[in-house]
Every structure is written in structure tokens, then in C-alpha cells.
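Some notes on the structure that comes next.
The values are calculated or read from the model by the stated rules, or taken from the named source; none is laboratory data. All figures in this text were calculated on a predicted structure; none of them were measured in a lab. With ligands, DNA and RNA removed, areas are computed over all heavy atoms of the protein, side chains included. Shrake-Rupley method; radii C 1.70, N 1.55, O 1.52, S 1.80 Å.
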Amino acid sequence: MFIDSASFSVSSGKGGAGCASFRREKHVPLGGPDGGDGGNGGDVYFIVDNNTHTLANYKGKRSMKAANGVPGLPRNMTGKKGDDLELIVPPGTAVYDADTNELLLDLTIEGQKELFLVGGKGGLGNVHFKTSVNQAPTKAQLGLPGETKNIRLELKLIADVGLVGFPNVGKSTLISSISNAKPQIANYEFTTLTPKLGLVEVDEFNGFVMADIPGIIEGASDGRGLGLQFLKHIERTKILLYMIDLANYRSLKEQFETLKNEV
């Protein structure tokens with residue numbers, strides 16, 4: 001299933017609480033405090049992976065959270081850091097703040113790894129509060145809370161050539177003939193409901209990626225047809241290839257100008 005948009009909240013982990021404890025061994029009569037620190041909360045990362053082509057993993061998600069840090073332990077043992085949350089997305093994914101619509105990250109490079117939210121710092125154990133006048137402190141810090149953001153993921157496909165044209169002009173036929181893409185082909189408008197990518201091999205060592213964009217009609221930029229939903233997928237293409245229908249009732253110039261205006 002091709003999913004190119006998803007909205008949910010994401011949170012880093014809360015820091016673990018520090019420990020308040022004392023040495024109790026029989027052979028250590030003046031043991032003193034030995035409470036360890038809490039572990040830091042887990043961080044949130046975005047990772048770009050070429051093996052994913054859709055945001056379907058995030059469909060229906062309402063919230064995702066990194067693990068909390070583990071509280072500190074006696075004998076000066078620091079709690080374990082919370083596990084990080086790694087969000088794997090395809091190249092071309094943009095991360096927006098859902099509340100302000102601000103672009104936070106633009107993820108376009110294979111293998112790119114971006115720290116998004118930092119986990120809360122773990123609290124200090126009571127061993128840190130020992131002084132000459134307070135040799136048995138019972139105080140320990142709570143861990144700091146993590147960060148939370150409401151985000152919107154938008155996938156904009158990355159291609160070298162984007163096919164632009166009215167419905168049923170042969171875009172799918174062209175991309176199926178010259179690339180490895182196998183889109184559905186039929187003699188009715190809007191057969192292609194989602195964008196399709198295909199690799200066109202020029203020779204043994206060279207090739208380029210072509211994108212088949214669902215048909216654009218007049219008024220698409222105002223929400224008519226499917227155009228508004230998929231126009232964003234031609235933003236990242238290096239070349240736009242306009243396909244014009246010779247048999248259309250409109251002139252070639254009129255078709256081209258209409259498509260260009262919508263884009």
C-alpha cells in the first residue's frame with residue numbers, strides 16, 4: 001500500500017530516578033551513601049533507508065515513544081539508558097511540526113541519520129550529596145522528562161524524470177515499456193492512482209529513475225481530481241517530461257500551458 005503522509009506524536013524517554021541507599025556490610029561500619037544515578041532516557045532518531053518506499057509503517061499510529069531510563073541501583077550502579085527509538089523512512093521524507101507547519105528535517109540521503117529528540121537526563125543518586133556536615137544524605141534526584149512533538153511526515157518521491165500529463169495519455173504505457181516498472185494499464189482515466197517509480201537502464205553502467213505521476217487535470221492545484229494529492233511528488237524531480245495527447249480536442253499549446261500552470 002502506498003502511503004505518502006502520516007501524522008502522530010513522538011516522544012523521547014524519561015530519565016531514570018537516582019537511588020538513595022547506604023552500604024550495610026557488617027565489615028564496613030561507616031559505609032555511607034552508595035546510591036547510583038538513573039539512566040538517561042532513550043533518544044529519537046530518523047534513519048533514511050533506500051529499501052523502504054512508503055510510510056505505511058506509520059499508518060494508524062497515534063504516538064511513538066523511546067524507552068525510559070532505568071532507575072539507579074545501590075553500590076553506585078548507574079541505571080541502564082533507555083533504548084532509542086529509530087524511525088526508518090524512505091529518501092525524500094520531510095518532517096514537519098504538525099502544530100506550526102515548520103519544516104524540521106528534510107531527509108534525502110541514503111543512510112542519513114538525524115537526532116530528532118534527546119532523552120531526559122537521569123537523576124543523581126544520593127552519593128553526590130554527601131558533604132562534611134551531611135554524611136548520610138537521603139536526597140536523590142528524579143529523572144528529567146523527555147521531549148514530545150506532534151509531527152507530520154510527507155513523502156516526496158525522488159526521481160530524475162517525472163512524467164506529467166492529463167489522465168489516459170500513455171504515461172504508464174511509456175514507463176512500463178522503457179523501465180522495470182509494472183503499473184496497471186487500462187483504457188480509462190485515473191487508472192494510475194498512486195505514483196510509480198521505474199529504473200530506466202541506458203547502458204550497462206548508466207541509468208536513471210523515472211516517476212509516473214497520476215493524471216493531472218485542470219484545477220488540480222485547487223483540489224480537483226487526484227492532482228493536489230500527488231503534485232508534491234514532482235517537486236524533487238530534476239526534469240519534468242510533459243506528455244501531450246495528439247488526439248485530444250485541445251490544441252498542443254493549450255494542453256501544455258494548462259499542465260504548466262497546474263504544476
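Normalised by the number of residues in region 1-142, the mean separation of alpha-carbon contacts (under 8 Å, six or more apart) gives a relative contact order of 35 percent. Couplings 3J(HN,Hα) for region 168-178, derived from phi with the Karplus relation 6.51 cos²θ - 1.76 cosθ + 1.60 (θ = phi - 60°), are 6, 9, x, 5, 5, 5, 5, 5, 6, 7, 10 Hz, where x marks Gly and Pro. With a threshold of 19 Å on the Cα-Cα distance, the over-threshold entries among Lys171/Lys196; Lys81/Lys139; Lys14/Lys81; Lys196/Lys260; Lys65/Lys156 are Lys81/Lys139; Lys196/Lys260; Lys65/Lys156. Stretching Lys26 away from Val118 to a fully extended chain increases their span by 28.9 nm, per 0.36 nm per residue minus the current alpha-carbon distance. Multiplying the residue separation of Thr138 and Asp99 by 0.36 nm and removing their Cα-Cα distance gives an extension gain of 9.8 nm.
Computed on the Cα atoms alone, the convex hull of region 1-140 gives a volume of 146 cubic angstrom per residue. Share of carbon and sulfur in the accessible area of the chain stands at 52%, probe radius 1.4 Å. The equivalent ellipsoid that matches the C-alpha gyration tensor of region 58-205 spans semi-axes of 55, 16, 12 angstrom, in descending order.
Bridges between two residues of the chain, per DSSP, are antiparallel at a rate of about 65%. Separation of region 246-263 and region 109-149 by C-alpha centroid, Å? A separation of 62 Å, based on Cα centres. Per-residue ellipticity at 222 nm, computed for the chain from helices alone with -39500 (n - 2.57) per DSSP H run of at least four residues, works out to -2500 deg cm²/dmol.
All alpha carbon pair distances within the chain were sorted into 10 Å bins beginning at 0; the resulting P(r) in whole percents reads 7, 22, 22, 16, 12, 9, 6, 5, 2, 0.
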